[in-house]
Amino acid sequence: MRKPIIAGNWKMNKIRPAAVELAQGLVDRLKDVSGVEVVLCPPFTALREVAKSIEGSSLALGAQNMYHQPSGAYTGEVSGPMLVDLGCKYVIIGHSERREYFKEDNALINLKVKAALSYGLLPILCVGEKLFEREAGKAEEVVYDHLTGGLEGIAHEEMSRIVIAYEPVWAIGTGKTATPEDAEAMHLFIRKTLTQMYDRELARGVRIQYGGSVKPGNIDVLMAEPDIDGALVGGASLDLNSFARIVRFEANS
Ligand code: 13P
């Protein structure tokens, strides 16, 4: 079945010494963990050092963003081949902070997803509604739009290499987590949408992470839900003890 995937999105935090300390600490603390895929997504500036720190371990490296062009006059941007060169396996695409602060839209996100796949990177495509959209009863509509827009033109065999992260914007960094029931309902909706877009078998195989104030205190109940296959963790991924505990979730408790 689906292998759980827990990713730490460090966002714009940690210069290299702190990044190395955390990565080395996690390698040590998670040595015996199997059955869960763990991905560290440090800022671009620390990718190489973290890659070296986790070499030979089961931890994987991911980037937080990329540009879709392979090279050229795009001042300030980082391309897929550059991420591959640094040892990245995953790349987060379409995070709500990219959508909000950097005005990324579905069309650009779709180009990025396609480019990532073309370089052999595995995209983590983020979808999720804002508070006013949820309050207006439009949460599913927004998630549907993010999914169909972000995945436009993605073939069946490519889809099996994509992870979806459901991150309700109102739960990010606010301490407000979606209830496990609300998160499960949206994950089920995402799986239904993927069934419509592709087929049932593919939809059953796609891993869907939950993100938004995931902490050691709520990971177990979230992971106990049948359609929650992992977490995309922000704040709590910056702390060794918290992230190590999240990776060691107990889905049955
Ligand atoms: P927090 O865990 O800090 O709420 O962030 C979630 C997130 O945006 C992960 O990508």
_Would you confirm, using the coordinates I've provided, whether A51 is surrounded by 16 or more Cβ atoms within 10 Å (Cβ to Cβ), small (G, A, S), under 20 Å from V214 (Cα atoms) and in contact with a Leu (Cβ under 6 Å, 6 or more places away or on another chain)?_
no
*Boolean, A165 is within 16 Å of the ligand (Cβ to nearest atom), at pLDDT 95 or above and farther than 29 Å from G120 by Cβ*: no
*Checking D229 against (1) touching a Lys or Arg at 6+ places or on another chain (Cβ under 6 Å); (2) acidic (D, E); (3) near the ligand (Cβ under 10 Å from one of its atoms), which single condition isn't satisfied?*
(3)
_One residue is enough: does the stretch 97-109 have a residue meeting the conditions surrounded by 24 or more Cβ atoms within 10 Å (Cβ to Cβ) and not acidic (D, E)?_
yes
*Give just the number: which of (1) modelled with pLDDT of 95 or more; (2) under 22 Å from I124 (Cα atoms) does S34 not satisfy?*
(1)
_Qualifying residues in the stretch 121-157 (those that are free of Cβ contacts under 8 Å to residues at least 40 places away in the same chain and in contact with a strand residue (DSSP E or B) (Cβ under 9 Å, 6 or more places away or on another chain)) - the one nearest to E184 (Cα to Cα)_ = V142
*Just to be sure, is P70 surrounded by fewer than 16 Cβ atoms within 10 Å (Cβ to Cβ), in contact (Cβ under 8 Å) with a residue 40 or more places away in the chain and touching a strand residue (DSSP E or B) at 6+ places or on another chain (Cβ under 8 Å)?*
yes
*Taking the stated definitions as given, is T177 more than 16 Å from H95 (Cβ to Cβ), among the polar types (S, T, N, Q) and within 15 Å of the ligand (Cβ to nearest atom)?*
yes
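The values are calculated or read from the model by the stated rules, or taken from the named source; none is laboratory data. In this text the structure is predicted, and so the values were computed from the model without any measurement. All Cβ positions, glycine included, derive from the backbone under ideal geometry; neighbour counts span all protein chains shown.
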